[in-house]
Amino acid sequence: MKARIYRSSQRELQCKIVDSGEIVTATAKGSILKKSSIVVGDYVQLEKVDVGTGFEYLIASIEPRESLIFRNFPRERKKKSIAANVDLIVVVVTVSKPDYKRGLLDRYLMRAFQWKVPTIVVFNKMDQYDPGKFDLEFESRRVAHLDVDTYEITAKDI
């Protein structure tokens, strides 16, 4: 049966069965873990096994990933998978308190491009927007050519 990983803790993983929506705990077969890591968002095939006192779920295989969020460790020449099958990244940045940092946004956008995941940017705290300190139009145009949409929000003005 097909399931999606929702929470990971070593070999024990919480999965949501696609057909029923039931949340179950499953363990991964050792042979699966030797080949690759299982991360949140992965779709897997489960086997329901009778253990005499009840049933347990085993992860029999991992389905191909549509996208993968990972972290590089250049010194170790390794790549650590963090999440799979991500549909969208939402980057929320503030326009004040703390001040807007273009470099931080650029790092997230660069990683999203590297991961091949669509991204939107949300500018927060627009009630504190100061055109003298932050050029909203420029920032929106700057990321538009990357197919990144921008939105403005504030918690004070519903």
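The values are calculated or read from the model by the stated rules, or taken from the named source; none is laboratory data. As the structure is a prediction and not an experimental result, all values here were calculated from the model. FYI the Cβ positions are ideal-geometry reconstructions off the backbone, even for glycines, and counts take in every protein chain you see. For the accessible areas, the whole protein counts, side chains as well, though only heavy atoms, and no ligand, DNA or RNA atoms are used. Shrake-Rupley method; radii C 1.70, N 1.55, O 1.52, S 1.80 Å.
Every residue in segment 68-79 that is in a strand (DSSP E or B) and without any contact (Cβ under 8 Å) to a residue 40 or more places away in the chain, please. First the steps, then the outcome.
Initial filter on segment 68-79 (in a strand (DSSP E or B)): 68-73, 78-79.
Scanning segment 68-79 gives 71, 72, 73, 78, 79.
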Check: Is segment 50-67 home to any residue that is in contact (Cβ under 8 Å) with a residue 24 or more places away in the chain, part of a loop (DSSP other than H, G, I, E, B), closer than 30 Å to residue 135 by Cα and open to solvent by 30 Å² or more (accessible area, probe 1.4 Å)?
Finding: no
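Going by what's in this entry, would residue 20 be described as more than 28 Å from residue 115 (Cβ to Cβ), open to solvent by 50 Å² or more (accessible area, probe 1.4 Å) and more than 22 Å from the chain's Cα centre (by Cα)? Can you show your working first?
Details: more than 28 Å from residue 115 (Cβ to Cβ): yes; open to solvent by 50 Å² or more (accessible area, probe 1.4 Å): yes; more than 22 Å from the chain's Cα centre (by Cα): yes.
Answer is yes for this residue.
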Margin query: Quick check on segment 32-49: of everything there that is of a type in the set (A, V, I, L, M) and surrounded by 14 or more Cβ atoms within 10 Å (Cβ to Cβ), which residue is modelled with the lowest pLDDT?
Written below: 33
Check: Given the structure, is residue 135 at pLDDT 90 or above and either over 30 Å from residue 34 (Cα atoms) or open to solvent by less than 30 Å² (accessible area, probe 1.4 Å) (or both)?
Finding: no
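In segment 62-93, which residues are over 11 Å from the mean Cα position of the chain (by Cα) and at pLDDT below 90?
Quick first cut of segment 62-93, residues over 11 Å from the mean Cα position of the chain (by Cα) only: 62-66, 71-80, 91-93.
The answer is 71, 72, 73, 74, 75, 76, 77, 78, 79, 80.
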